[in-house]
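Below you'll find the structure, written out as structure tokens, and then a few comments.
The values are calculated or read from the model by the stated rules, or taken from the named source; none is laboratory data. Everything numeric in this text was worked out from a predicted model, so none of it was measured. Neighbour counts are summed over all protein chains in view; Cβ atoms, including those assigned to glycine, are modelled from backbone coordinates with ideal geometry. Side chains included, ligands, DNA and RNA excluded: accessible areas come from the protein's heavy atoms. Shrake-Rupley method; radii C 1.70, N 1.55, O 1.52, S 1.80 Å.
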Amino acid sequence: MENKTKISAIIKRFLSQRFSPSTEERVQRWLMRDEYSEEKANASLEYWNELKNNVDPNTYAALERVNVKIGYIKRKRNNSIRRKVVGIAAVLVPVLLIAGGYLYYAYNNNKLTEVQALYGETKHFFLPDSSEVWINAGTNLRYPKKFKTGQRTVFLDGEAYFFVRENKVKPFTVETQQLSVKVLGTKFNVKAYSSETKTITTLTSGKVEVTTNKNDHRVLNPNEQLVFDHSNATIDVTEIPAKIYSIQEVFPT
């Protein structure tokens, strides 16, 4: 019941366009996942049934937002056709959500470089700003070929150790399914496998700000580790010995 309520709330916020741009992409990727597919479909149906019972200009605006998300080209239609569209929306929305998520992801993913480490291997490479990254087995990291003005954002599913080049006017952010880690220049590790129930951020030097998907903010100092438990949205910050999370220990050569 708790999962159903959360899923319903997420989909309603998604369709009413009340997420920030960074959260929007995470929700898109979540919609594409196979987990809770039935609950997602039911939640979308409930949302549109509510709209059908309260038809007003906002109803059509919500439908248009779905059209935009799935790349649908708007055509001129009369009011009777618009009413029919709203009537069949309840049938189509579960499909539109998945298609929209796929198209949105595919469109954005074409602009991103993707690096994967298969199980049993690790990889070491440099980002466009010369920041160094080591990714662990079963990890997927996506990043733009060129960072935009004012920001450096990468998307992580798995575990990675970052040595970020300092740039005070262009913060570096690691986005994961459950939280984001924002830094200026530092060395830190993020373990955020989507299949696991905890996300762990460990700072070895510098300073980072961690923001969970519940909008809880914490700042870490060197040799501190933050553990975010997905099941109950709790945060635990502890001090750890520096050697434990050195790059040599996490990614031995």
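Some observations on this one:
- Taken over the range 155-170, the residue count meeting the criterion of being open to solvent by 30 Å² or more (accessible area, probe 1.4 Å), more than 15 Å from the chain's Cα centre (by Cα) and not aromatic (Phe, Trp, Tyr) is 6.
- Residue match in the range 142-154 (condition: within 30 Å of Asn3 (Cβ to Cβ) and either open to solvent by 40 Å² or more (accessible area, probe 1.4 Å) or not in a strand (DSSP E or B) (or both)): no
- For the condition on the phi < 0 side of the Ramachandran plot and outside any strand (DSSP E or B), Glu196 qualifies.
- All of (1) modelled with pLDDT of 90 or more; (2) of a type in the set (A, V, I, L, M, F, W, C); (3) more than 20 Å from Thr122 (Cβ to Cβ) hold for Val190 with one exception: (3).
- Failed item in (1) closer than 21 Å to Thr201 by Cβ; (2) open to solvent by 60 Å² or more (accessible area, probe 1.4 Å); (3) assigned to a loop (DSSP other than H, G, I, E, B), with Asp129 passing the rest: (2)
- Members of the range 203-234 found to be among the hydrophobic types (A, V, I, L, M, F, W, C) and buried (at least 17 other Cβ atoms within 10 Å of the Cβ), listed by number: Leu203, Val208, Val210, Leu220, Leu226, Phe228
- Filtered residues of the range 199-232 (kept if in a strand (DSSP E or B), of a type in the set (D, E, K, R) and over 19 Å from the mean Cα position of the chain (by Cα)): Glu224
- Restricting the first member to the range 164-178 and to residues that are more than 15 Å from Pro128 (Cα to Cα), and the second to residues that are assigned to a loop (DSSP other than H, G, I, E, B), the beta-carbon pairs closer than 6 Å and six or more apart or on different chains are Lys168/Leu184; Gln177/Ser194; Gln178/Asn213; Gln178/His230.
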